[in-house]
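In what follows, a structure is listed as structure tokens, so that the remarks can point back to it.
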Amino acid sequence: QVQLVESGGGLVQPGGSLRLSCAASGTTLSAAVMAWYRQAPGKQRDLVAWITSAGSTNYASSVKDRFTISRDNAKNTVYLQMNSLNPDDTAIYYCNGLIFENGAWRPLFGWGQGTQVTVSS
């Protein structure tokens, strides 16, 4: 059974930084496209960033040039470095694999518990 465990969230002031981690067990992530999502209160879960097995990255326009996704296949872990945080980044952050299916990218695994990021002064 695949288990994803997100960590690294917390309370940070506007302009601050956080580094999120996503550790996987029950599967090897190296061949998977991996992604970070976030869900703000009362809103849908949105795709934030993703990284291919080859290391190519893509970002939602709202986080481009502020967030960096990376992976360490030896540690079976995916990271999200978040800089210049603002209150709009407040959300629960989740990681997951991505699979292209029926014309769209969809989550590959079940969801972990996520990690809360709160940006507030």
I'd like the full set of residues that are part of a loop (DSSP other than H, G, I, E, B) and not β-branched (Val, Ile, Thr), limited to the range 85-103.
85, 86, 102, 103
Log entry, pairs with first residue in the range 92-115 being closer than 20 Å to residue 40 by Cα and buried (at least 20 other Cβ atoms within 10 Å of the Cβ), second being modelled with pLDDT under 95 and among the hydroxyl-bearing types (Ser, Thr, Tyr), beta carbons closer than 7 Å, six or more apart or on different chains, reads none
Pull up the range 1-32, narrow it to residues that are of a type in the set (S, T, N, Q), more than 17 Å from residue 94 (Cβ to Cβ) and in contact (Cβ under 8 Å) with a residue 60 or more places away in the chain, then point me to the one that is surrounded by the fewest Cβ atoms within 10 Å (Cβ to Cβ).
13
Positions within the range 59-74 being under 16 Å from residue 97 (Cα atoms) and touching a strand residue (DSSP E or B) at 6+ places or on another chain (Cβ under 8 Å), in sequence order:
59, 69, 70, 71, 72
Can you give me the ranges of the strands (runs of 3 or more DSSP E) entirely in the range 33-84 with at least 2 residues that are touching a Ser or Thr at 6+ places or on another chain (Cβ under 8 Å) and open to solvent by 30 Å² or more (accessible area, probe 1.4 Å)?
67-72
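The values are calculated or read from the model by the stated rules, or taken from the named source; none is laboratory data. Remember, it's a predicted structure, so these values are computed and weren't measured experimentally. Methodologically, a virtual Cβ is constructed for each residue, glycine included, from the backbone with ideal geometry; neighbour enumeration extends over all protein chains shown. Ligands, DNA and RNA are excluded from the accessible area calculation, which covers all protein heavy atoms including side chains. Shrake-Rupley method; radii C 1.70, N 1.55, O 1.52, S 1.80 Å.
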